[in-house]
Amino acid sequence: MTTYKKITLFFNFLLLNSLIFAQDTLTTKTLYLKDGSFLLGSIIEKSTEVYVWRLTDGTQITLPVDQVLRIEEQRKDFRYFNKGKIKQIKGLYGYAMIGGLFEKKLNEWSQEDHAISVNFSVGYHLNSKISVGLGTGYDDYNVAIIPLYFELRGDLLDKSVTPYYKISAGYGFTATTLVQKDNEQASYKGGILVHPSIGLKFYTRMNQAWLIDFGYRFQRYNEQFVWDSSPLRWTLRRTTLRIGLEF
């Protein structure tokens, strides 16, 4: 091989590698589609009708312009996963959950006193592992209770499907303070609430996550009949199973 051919091949090799390197160092952006999903990658070409978009794995796709909502720089307060799933790691959050509170039958004469529970909470993601917030809701025991609680929660893994923990502590207010019971009047007063739980979280492409959790709720309240000067203190212990949505 002549010296000229060697020099030519060398420069062609440099040119090819520089092109590849340029493609690999394109700024990663987030392309949001009008259906609520998004794609990570970079713009290769744009016309009045289509975008040519390069995904982070190198695949190039063509998207009609009328399907694209906007294109933004990748945000540092979000974690991006495969298949376009996204997780917010810092900032405000909201939760809505519904489920059941289940009591174990104590003996053959007793009846289980199950209940429906609906809860809402708002708070702030400090990072991917720790979030703090406040919550309330409605727990339909034989005495309806409105809880108000502080919560600590967080994901255990940085994955699109992750186990998570949650600890709630606060006070449950009785929704009704005076009722007619067994031809007698009884008054009610709330008490402390503690509810630890663990669950699974499934992140989606729309900055939301589906939740399912399992836990144990302790709720105290006082019951006092008008003829009795000493109130009865009840402690409700319930296994919980709930589903919900993070947004």
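The values are calculated or read from the model by the stated rules, or taken from the named source; none is laboratory data. Quick caveat: nothing in here was measured; it's all calculated off a predicted structure. Here the Cβ positions follow ideal geometry from the backbone for every residue, glycine too, while neighbour counts run over all protein chains shown. SASA here: full protein model, heavy atoms, side chains in, ligands and nucleic acids out. Shrake-Rupley method; radii C 1.70, N 1.55, O 1.52, S 1.80 Å.
Some observations on this one:
- Residue under evaluation R205, criteria (1) open to solvent by 20 Å² or more (accessible area, probe 1.4 Å); (2) charged (D, E, K, R); (3) over 16 Å from the mean Cα position of the chain (by Cα), criterion not met: (3)
- Taken together, the criteria place K85 among residues that are of a type in the set (K, R), surrounded by 15 or more Cβ atoms within 10 Å (Cβ to Cβ) and touching a strand residue (DSSP E or B) at 6+ places or on another chain (Cβ under 6 Å).
- Flag if L157 is more than 30 Å from L31 (Cα to Cα), open to solvent by 30 Å² or more (accessible area, probe 1.4 Å) and either hydroxyl-bearing (S, T, Y) or at pLDDT 90 or above (or both): no
- The conditions of being surrounded by 14 or more Cβ atoms within 10 Å (Cβ to Cβ), free of Cβ contacts under 8 Å to residues at least 24 places away in the same chain and under 20 Å from K87 (Cβ atoms) are met by L152.
- Among (1) farther than 30 Å from P163 by Cβ; (2) at pLDDT 85 or above - the single one K87 does not satisfy: (1)
- Meets criteria (touching a residue at least 40 places away in the same chain (Cβ under 8 Å) and more than 14 Å from the chain's Cα centre (by Cα)) for L241: yes
- Residue count for the range 190-212 under the criterion of being assigned to a strand (DSSP E or B) and under 30 Å from L40 (Cα atoms): the result is 9.
- Cβ pairs under 9 Å, 6+ apart, first in the range 201-230 and within 30 Å of D77 (Cα to Cα) and at pLDDT below 90, second among the aliphatic types (A, V, I, L, M) and surrounded by 18 or more Cβ atoms within 10 Å (Cβ to Cβ): R205/I86; M206/I86; N207/I86
- Flag for E223 being among the charged types (D, E, K, R), more than 20 Å from I98 (Cα to Cα) and crowded, with 17+ Cβ neighbours inside 10 Å: yes
- Residue within the range 25-33 that is open to solvent by 100 Å² or more (accessible area, probe 1.4 Å), modelled with pLDDT under 90 and either under 24 Å from K90 (Cα atoms) or not β-branched (V, I, T) (or both) present: no
- All of (1) at pLDDT 90 or above; (2) exposed (fewer than 13 other Cβ atoms within 10 Å of the Cβ); (3) touching a Lys or Arg at 6+ places or on another chain (Cβ under 6 Å); (4) of a type outside the set (G, A, S) hold for M97 with one exception: (2).
- Number of residues in the range 226-247 that are more than 24 Å from I167 (Cβ to Cβ) and open to solvent by less than 80 Å² (accessible area, probe 1.4 Å): the value is 4.
- First in the range 87-106 and free of Cβ contacts under 8 Å to residues at least 60 places away in the same chain, second anywhere and aromatic (F, W, Y) and open to solvent by 50 Å² or more (accessible area, probe 1.4 Å), Cβ under 9 Å, 6 or more apart: K90/Y124; G91/Y124; L92/Y124
- Selected residue (criterion: modelled with the lowest pLDDT) from residues of the range 182-200 that are over 36 Å from the mean Cα position of the chain (by Cα) and open to solvent by 40 Å² or more (accessible area, probe 1.4 Å): D182
- Scanning the range 136-149 for residues that are open to solvent by less than 60 Å² (accessible area, probe 1.4 Å) and not polar (S, T, N, Q) yields G137, D139, Y141, V143, A144, I145, P147, Y149.
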